[in-house]
Amino acid sequence: MNNSNLLERIRTRAKENGITLVELESKLNLSKNSIYKWKTSTPPAEKINEMANILNTSTDYLLGRTDDPTPIDVYFRIDMKNVPEDKREDFKKELTLLRDFAFKRLQEEEKKLDDQEKDN
């Protein structure tokens, strides 16, 4: 883990969420300048997890495993070792299409229920 990258990602997400690092330290019950110290030390895993929740992102983003800051709700885990390396991006795109299709169906069901309530 590149700790200066971690610090930059924390700064970026905090700014995007309108939170100062001092406020973030307070919410995490950390002492003053603790986050800056993470530039040269490894923070506790539970603090990274709490921080991701506060900053509305994923631990993978904070740790530099992905450049997508979108928070992730994991419903199931895919074992990518069984997907050939050259097919992984296509596989992820297919999963994204499946997710989008599922969301669209849920929205359509909600709309149908709302329309039924209005008719009653």
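The values are calculated or read from the model by the stated rules, or taken from the named source; none is laboratory data. Keep in mind it's a predicted model, so treat the numbers as computed, not measured. So basically every Cβ, Gly included, is an ideal-geometry build from the backbone, and we count neighbours across all protein chains shown. To get the accessible areas, we keep the full protein, side chains included, count just its heavy atoms, and leave off ligands, DNA and RNA. Shrake-Rupley method; radii C 1.70, N 1.55, O 1.52, S 1.80 Å.
Just the number, please: carbon plus sulfur as a percent of the accessible area of the chain, 1.4 Å probe, no ligands or DNA/RNA counted. Let's see the in-between values first.
Values: 4530 of 9340 Å².
Whole-percent figure for carbon plus sulfur exposure: 49.
Rounding to the nearest 20 debye, state how big the charge dipole of segment 1-118 is about its Cα centre with +1 on each Lys and Arg Cβ and -1 on each Asp and Glu Cβ.
Working: 22 positive and 23 negative charges, 109 e Å.
Around 520 debye, computed over segment 1-118.
For segment 1-65, what size does the Cα cloud have along each of its three principal axes, sorted from largest down, in whole Å?
24, 21, 19 Å, listed from the longest principal axis down.
Quick one: how many Å² of R88 are accessible to a 1.4 Å probe, rounded to 10?
Surface accessible to solvent at R88 totals approximately 60 Å².
In nanometres, what is the gap between the two model label sites at R65 and A45, each 7 Å from Cα along Cα-to-Cβ?
The modelled label-to-label distance comes out at 1.1 nm.
Any chance you could give the angle, 0 to 90 degrees and rounded to 10, that helix 3-16 forms with the longest Cα principal axis of the chain?
Compared with the principal axis, the helix lies near 60 degrees.
Give me the angle, in degrees from 0 to 90, between the Cα long axis of helix 45-54 and the longest principal axis of the Cα atoms of the chain, rounded to the nearest 10.
It works out to around 60 degrees.
Counting pairs on different chains as well as pairs 8 or more places apart, how many Lys pairs in the chain have Cα atoms under 23 Å apart?
Within the chain, the lysine pair count is 17.
Rank I19, L95, T70 by how far each Cα sits towards the positive end of the charge dipole of the chain (+1 on Lys, Arg Cβ; -1 on Asp, Glu Cβ) and give me just the farthest.
Highest projection toward the positive end goes to I19.
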